[in-house]
Amino acid sequence: MKIAFVGKGGSGKTTLSSLFIRHLAAQQAHVVAVDADINQHLGAALGLDDDEAAALPAMGAYLPLIKDYLRGTNPRIASAETMIKTTPPGEGSRLLRVCEDNPVYEACARTVPLDDGEIRLMATGPFTESDLGVACYHSKVGAVELCLNHLLDGRDEYVVVDMTAGSDSFASGMFTRFDMTFLVAEPTRKGVSVYRQYKEYARDFGVSLKVVGNKVQGQDDLDFLREHAGEDLLVSLGQSDWVRAMEKGRPLRFEHLEEHNRAALHALQEAADASYVRRDWERYTRQMVHFHLRNAESWGNAKTGVDLAAQVDPAFVLGERMAAVSAR
């Protein structure tokens, strides 16, 4: 399943996504984690020291490699240079799988050992000094969107993406790439404002959205979140001595996370797993094409000098059946 964590800056979404990743790893699940936030803190939240986190390869730096690999022998794509972040797969394209080795993972992913398992970690890369005044951060997450467009993931496989803060996630079509989106909200007016924005923007795209209350200190906080999020409020987490120790660089073993917080993470996994039966690969492919055509008309055709609408393979529908076909 593809799972996104979103929320306003400071809501705790990176902490929550890292706890969820640890929870999955403790069950020996297959996990690819992606740090797609402008503030690259997921590696540190997963226990990497400063040097290890800084050494993570930036996906954006390997975009030519990613494009060339995913293009495969697709006759509709003349060259890697004509691919943009929304280019959909078609006949002949190479597809990514969670449990495989490929040049994209070799270049961009690093294995991170956790207490009870290990995960693959990828990162878009930080906003650098050379980007100031001349670049948009959304250009960096283009590599993530392209990979998600070409991803085949199954029931017991998880891709967990820590998204950029606030409603900036809607600056691309990537918000439609997920089976489940967890919005982390504090019990404050600002905390629930991002939820209202997300709910409104996602309404017409069938986005599965659940609210995770964070920093909840009592019944009044819980009532406040329920008043604003209603049935979308899935679960809430309170203060955590385990998280405080982790943030100080003195992490305890994950098994010592408070029981009520462990139960909350289990509820997140149940909600994510339940989304599997609602998968609609035809709608997924249709939305992918929709945003590709919009981007082509808006800027892609002018940038590449070609008609990017011709990249769309009208007979192609992404789906898990392809994994079995290609494995033979």
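The values are calculated or read from the model by the stated rules, or taken from the named source; none is laboratory data. The shown structure was predicted, so the numbers you read here are calculated from the model rather than taken from an experiment. In this analysis, Cβ positions are derived from the backbone assuming ideal geometry, glycine residues included, and neighbour counts consider all displayed protein chains. SASA here: full protein model, heavy atoms, side chains in, ligands and nucleic acids out. Shrake-Rupley method; radii C 1.70, N 1.55, O 1.52, S 1.80 Å.
Tabulated results
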{"item": "Glu258 being open to solvent by less than 60 Å² (accessible area, probe 1.4 Å), touching a Gly at 6+ places or on another chain (Cβ under 9 Å) and among the charged types (D, E, K, R)", "result": "yes"}
{"item": "Pair list, Cβ under 7 Å, 6 or more apart: the stretch 292-317 residue within 21 Å of Leu95 (Cα to Cα), other residue among the basic types (Lys, Arg) and not in a helix (DSSP H, G or I)", "result": "Ala310/Arg76; Gln311/Arg76; Asp313/Arg76"}
{"item": "Residue ID - nearest to Ala296 (Cα to Cα), chosen from residues in the stretch 118-163 that are hydroxyl-bearing (Ser, Thr, Tyr) and modelled with pLDDT under 85", "result": "Ser139"}
{"item": "Boolean, Phe316 is among the aromatic types (Phe, Trp, Tyr), open to solvent by 20 Å² or more (accessible area, probe 1.4 Å) and either closer than 25 Å to Val98 by Cβ or in contact with a helix residue (DSSP H, G or I) (Cβ under 6 Å, 6 or more places away or on another chain) (or both)", "result": "yes"}
{"item": "Breaking point among (1) modelled with pLDDT of 95 or more; (2) under 16 Å from Phe20 (Cβ atoms); (3) out of contact with any Leu (no Cβ under 9 Å at 6 or more places or on another chain); (4) surrounded by 15 or more Cβ atoms within 10 Å (Cβ to Cβ), for Ser275", "result": "(1)"}
{"item": "Scope the stretch 57-112; condition hydrophobic (A, V, I, L, M, F, W, C) and within 20 Å of Asn295 (Cβ to Cβ); matching residues", "result": "Met59, Leu63, Ile66, Leu70, Ile77, Ala78, Ala80, Met83, Ile84"}
{"item": "Any hit, the stretch 187-207, residues being within 27 Å of Val312 (Cα to Cα), more than 13 Å from the chain's Cα centre (by Cα) and of a type in the set (Lys, Arg)", "result": "yes"}
{"item": "All strands (runs of 3 or more DSSP E) inside the stretch 143-250 with 2 or more residues being at positive phi", "result": "none"}
{"item": "Selection within the stretch 301-313 - among the hydrophobic types (A, V, I, L, M, F, W, C) and open to solvent by 50 Å² or more (accessible area, probe 1.4 Å)", "result": "Ala302, Val306, Ala310"}
{"item": "The lone exception for Lys215 - which of (1) over 21 Å from the mean Cα position of the chain (by Cα); (2) open to solvent by 50 Å² or more (accessible area, probe 1.4 Å); (3) without any contact (Cβ under 8 Å) to a residue 60 or more places away in the chain it fails", "result": "(3)"}
{"item": "Search result, residues across the stretch 73-84 that are hydroxyl-bearing (Ser, Thr, Tyr) and buried (at least 16 other Cβ atoms within 10 Å of the Cβ)", "result": "Thr82"}
{"item": "Residue in the stretch 22-29 that is at pLDDT below 95, outside any helix (DSSP H, G or I) and over 22 Å from Asn261 (Cα atoms) present", "result": "no"}
{"item": "Leading residue by the ranking (nearest to Thr15 (Cα to Cα)) among those in the stretch 178-212 that are in contact (Cβ under 8 Å) with a residue 60 or more places away in the chain and touching an Asp or Glu at 6+ places or on another chain (Cβ under 7 Å)", "result": "Lys210"}
{"item": "The stretch 37-72, subset under 21 Å from Phe5 (Cα atoms) and assigned to a helix (DSSP H, G or I), residue most open to solvent (accessible area, probe 1.4 Å)", "result": "Ala44"}
{"item": "Criterion: under 23 Å from Lys13 (Cβ atoms), acidic (Asp, Glu), open to solvent by 60 Å² or more (accessible area, probe 1.4 Å) and in contact (Cβ under 8 Å) with a residue 12 or more places away in the chain - qualifying residue of Asp241, Asp221", "result": "Asp241"}
{"item": "Single condition Gly249 does not satisfy, out of (1) under 22 Å from Val141 (Cα atoms); (2) of a type outside the set (Asp, Glu); (3) open to solvent by 50 Å² or more (accessible area, probe 1.4 Å)", "result": "(1)"}
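Conditions tested, residue by residue: (1) assigned to a loop (DSSP other than H, G, I, E, B); (2) farther than 23 Å from Thr176 by Cβ; (3) under 24 Å from the mean Cα position of the chain (by Cα).
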site: Leu252; (1), (2), (3): yes, yes, no
site: Ala263; (1), (2), (3): no, yes, yes
site: Val277; (1), (2), (3): no, no, yes
site: Gln287; (1), (2), (3): no, no, yes
site: His292; (1), (2), (3): no, no, yes
site: Ala310; (1), (2), (3): no, no, no
site: Asp313; (1), (2), (3): yes, no, no
